[in-house]
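Below is one structure; the comments refer to it alone.
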Amino acid sequence: MTNRCVLVYSYTNAQMKVRLELNPSLGVPIYRQIMDGIRDLIASGVLQPGDQLPSIREIASELRINPASAVKAYGELRHGGLIQIEKGRGTFVARRPAVVRETRQQLLKRDLDDVVARAKARGFTEEQILDAVGRALRKRRKRR
């Protein structure tokens, strides 16, 4: 059985629920999982500029984690320009399209690096990897 904490929060402006799942058994610090989850939600467009995020107190309470983990995650995201914290109003996804685009590119690069590294470890050549990626893209195009 996996030890998993789940945070579900909704936005009053969008009437949607967004799930952020944390798994303490991964060996990845909780603050990092919060950061990665929020970054992925922003990059995928699930979270839009101006969307309000839950407060640090809400995250800590929902996930039953040390508030310091939420503070660190939000601090890092703020430093990276993805969120803005407005005293007395809350925490919001930043209205900075260039930062969101850059984040999306970074995540794409990370994902592709992982795929290439795994394929190389399995003995595939660069040509075979490129061919497989091309086939996968063509297959997706046909489904549309």
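Please state the relative contact order of the range 61-111 as a whole percent: Cα pairs under 8 Å, 6+ residues apart? Mind dumping the intermediate values first?
Details: 23 pairs, mean separation 10.3, N = 51.
Relative contact order of the range 61-111: 20 percent.
How much length would be gained if the chain were fully extended between Val133 and Arg64, taking 0.36 nm per residue of separation minus their Cα-Cα distance, in nm to one decimal? Write out the running numbers ahead of the final one.
On the way: separation 69, 0.36 × 69 = 24.84 nm, distance 4.09 nm.
That works out to 20.8 nm of additional length.
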Once you place label points 7 Å from the Cα toward the Cβ at Asn23 and Asp36, how far apart are they in nm? 0.9
For the modelled label position 7 Å from the Cα of Leu107 along Cα-to-Cβ, which residues of the range 33-56 have backbone nitrogen atoms closer than 15 Å? 33-51
Going out from 0 in 10 Å bins, what whole percent of all Cα-Cα distances in the range 98-143 drops into each bin? 25, 40, 31, 5
Using amide H atoms built 1.01 Å from N in the peptide plane, name the residues 5+ places from Ile83, or on other chains, whose amide H lies under 5 Å from its own. Arg78, Ala94
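In percent, how large is the relative contact order of the chain, given Cα pairs closer than 8 Å and 6 or more residues apart?
Values: 141 pairs, mean separation 26.4, N = 144.
So the answer I get is 18 percent.
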Fewest-first ranking of Leu63, Leu41, using other Cβ atoms within 10 Å as the exposure measure: Leu41, Leu63
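Taking the Cβ of each residue in Ile65, Ile83 as the centre, tally the other Cβ atoms inside 10 Å and list the residues starting with the fewest.
Values: Ile65 20, Ile83 25.
Going from sparsest to densest Cβ surroundings: Ile65, Ile83.
Quick one: dipole size for the chain, taken about the Cα centre, charges +1 on Lys/Arg Cβ and -1 on Asp/Glu Cβ, in debye to the nearest 20. Each step should come with its number before you reach the end.
Values: 28 positive and 15 negative charges, 120 e Å.
Taking the Cα centre of the chain as origin, the dipole is about 580 debye.
Relative to the compact-globule scaling 2.2 N^0.38 Å, provide the ratio for the alpha-carbon radius of gyration of the chain.
Working: Rg = 17.9 Å, N = 144, 2.2 N^0.38 = 14.5 Å.
For the chain, the normalised Cα radius of gyration comes out at 1.23.
Please compute, over every Cα-Cα pair in the range 13-74, the percentage with a separation greater than 16 angstrom. Intermediate values should be presented prior to the final figure.
Details: 834 of 1891 pairs.
So the portion of pairs separated by more than 16 Å is 44 percent.
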Hey, fewest Cβ within 10 Å first, where do Lys139, Lys72 land in order? Lys139, Lys72
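Evaluate E = 1/(1 + (r/R0)^6) for Phe92 and Ser44, where r is the Cβ-Cβ distance and R0 equals 22 Å; express this FRET efficiency to the nearest 0.05.
On the way: r = 17 Å, r/R0 = 0.79.
Computed FRET efficiency for Phe92 and Ser44 comes out at 0.80.
The numbers here are math on the coordinates, done by the rules we state, and not lab data. None of the values given here were measured: they were computed from a predicted structure. With ideal geometry, Cβ positions are generated from the backbone for all residues, glycine too; neighbour counts draw on all protein chains shown.
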